[in-house]
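**Student:** What follows is a structure written as structure tokens; I'll ask about it next.
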Amino acid sequence: MRHVLSATVQNVPGVLAHVSGMLASRGYNIDSLAVGETEDPRFSRMTFVLRGDDRVLDQVRRQLEKIVTVVRVDDISSRNYVERDLMLLKVAAPAGPARTEVKELAEIFRGRIVDVAGDSVIVEISGTEKKLEGFIELMRPRGILELVRTGRIAMVRGSLPTRELTEAADGGRPADAADATDSLA
């Protein structure tokens, strides 16, 4: 089973190394890991995609929650969420019909060409894993020269604000916020 975990962590040096090292040392394989600053510069959000049953998920959550710099861990895969991945793909595309075809396919996938060279182009696409994999398969016969992906990022849908950052900054999670958050799950 595929799980998407979102962890809010303190934005301090070494957190990424500490978290990924802990998971690796315990034998957990991470399919995807993305990390970046949040709306509050004191915190970063890490998004993990991993595979395993509910027992594995529970073990990973407990291990993450033991790390001092980890503020909160949420399994968002059981909730209604939006997920995206960003990809840059350099493909062989000499000027002429081949380049036009790559451009048209990129547009169909809502991608865009961000660099043009004499014999290649770089296409930028964001979307779900399935969408990116589909585009990769269409480009493979044309000659993929280079490919890089960011890893998945995800956010729970809805207008209720996530209170985790404010509460963490204030030193904890009030009971009424815990009840409101738990009722959404």
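The values are calculated or read from the model by the stated rules, or taken from the named source; none is laboratory data. Quantities reported herein were computed from a predicted structural model and do not represent experimental measurements. Cβ coordinates were reconstructed from backbone atoms using ideal geometry, including for glycine residues, and neighbour counts include every protein chain displayed.
**Student:** What is the number of the single condition among (1) touching a Gly at 6+ places or on another chain (Cβ under 6 Å); (2) in the same structural domain as Ile122 (by TED's automatic domain parsing) that Pro94 does not meet?
**Tutor:** (1)
**Student:** Is it the case that Glu65 is over 16 Å from the mean Cα position of the chain (by Cα), surrounded by fewer than 18 Cβ atoms within 10 Å (Cβ to Cβ) and farther than 30 Å from Pro141 by Cβ?
**Tutor:** So Glu65 fits the description; yes.
**Student:** Got at least one residue in segment 95-111 being outside any strand (DSSP E or B), of a type in the set (A, V, I, L, M, F, W, C) and touching a residue at least 40 places away in the same chain (Cβ under 8 Å)?
**Tutor:** yes
**Student:** Just give me the residues in segment 1-31 being free of Cβ contacts under 8 Å to residues at least 60 places away in the same chain, surrounded by fewer than 16 Cβ atoms within 10 Å (Cβ to Cβ) and of a type in the set (S, T, N, Q), in sequence order.
**Tutor:** Ser25, Asn29
**Student:** Given the structure, is Arg45 more than 30 Å from Leu145 (Cα to Cα), crowded, with 20+ Cβ neighbours inside 10 Å and among the basic types (Lys, Arg)?
**Tutor:** Judged against the criteria, Arg45 is a match.
**Student:** Right, next: Specify the residue that is farthest from the chain's Cα centre (by Cα); the eligible residues are those in segment 68-106 that are of a type in the set (S, T, N, Q) and more than 30 Å from Val121 (Cα to Cα).
**Tutor:** Result: Thr69.
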